[in-house]
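What follows is a set of notes on a single structure, which appears directly below.
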Amino acid sequence: MERNSDSLVAMTEHDHFPPWHVGLTRFAVKLAVVAAMVYVVLSLLDWAQERAQVIGSDSLMLGVLTVLILVYVLLLAVPFVPGIEIGISLLLMKGADIAPVVYIATVLGLSLAYMIGHSVPYRWLHATLADLHLKRACALIERLEPLSHENRLAHLTHRLPERTAPYVRKGRYLILAALFNIPGNAILGGGGGIAFIAGFSRLFRPWAAVLTILLAVLPVPLSVWLLGEGVIAFR
């Protein structure tokens, strides 16, 4: 195992890593494109909502709300976008009547992020990490790519304390559910980023990951639906 690890590190070090200014520029362009798309969409929605209020058209407001829900689903799938906060804003604005819609949209958005992560080739992330000259991370990607589900899980947890590792392996779905709900998870990529990483890691079975998402995001919409938006007014 040590020989394989050493050879993989050596192979990574001889991979083609672009010059710093090229890699960082390429990475910055990717982030700028995503940020620009999010900004334009949100700006258009704000403008449309203001126009609908000025005109006083119920049908236009319904159309804006429908588009907002669809955009919310897509934004949830984008790492570091505060999609959950948008969902809470919708619940505060529209109250209990929209809670089931927000719940379904949240499940769809996070599931989409997971599925995208699960389908993305490891080489895609390797290329991004190479742009940032993260050689150890590239070596880890190369080491994980050929492993089976169980071997990958064992490899990623083998450095944990002997007593802790089994609980992490068996309780990883509970950990995932907790990450979706902890305050400040935006620093981890937000709900979309967490779901994407969960899918990309290949450590979570698709059906079990979707079931985890279904249960993890249920408490807030259910509370609003049963008790009204006052239960989240403090947020």
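The values are calculated or read from the model by the stated rules, or taken from the named source; none is laboratory data. Since the model is a prediction, treat every value here as computed from it, not as a measurement. In this analysis, Cβ positions are derived from the backbone assuming ideal geometry, glycine residues included, and neighbour counts consider all displayed protein chains. Keep in mind that these areas ignore ligands, DNA and RNA; they rest on the heavy atoms of the full protein, side chains included. Shrake-Rupley method; radii C 1.70, N 1.55, O 1.52, S 1.80 Å.
I'd like the FRET efficiency for Met93 and Thr25, computed as 1/(1 + (r/R0)^6) with the beta carbon distance as r and R0 of 45 Å, rounded to 0.05.
Computed FRET efficiency for Met93 and Thr25: 0.65.
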- Query: Extension gain Asn181-Val67, at 0.36 nm per residue separation less the Cα-Cα distance, in nm?
  - Reply: 38.5 nm
- Note on the structure: Leu188 and Ile232 label points (each 7 Å along its Cα→Cβ direction) are spaced in nm at 1.9
- Query: Can you put Ser223, Ser201 in order of accessible area, largest first, using a 1.4 Å probe?
  - Reply: Ser223, Ser201
- Message: Need one value: the accessible area of Ile175 in square angstrom, 1.4 angstrom probe, rounded to the nearest 10.
- Response: 80
- Message: Rounded to the nearest 10 Å², what accessible area does Leu188 have for a 1.4 Å probe in the complete protein model?
- Response: 80
- Message: Not counting ligands, DNA or RNA, and with a 1.4 Å probe, what is Leu174's accessible surface area in Å² rounded to the nearest 10?
- Response: 140
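Evaluate E = 1/(1 + (r/R0)^6) for His158 and Leu214, where r is the Cβ-Cβ distance and R0 equals 35 Å; express this FRET efficiency to the nearest 0.05.
Approximately 0.70, to the nearest 0.05.
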- Task: List, largest first, the extents of the alpha carbons of segment 94-170 along their principal axes, each in whole Å.
- Result: 49, 37, 21
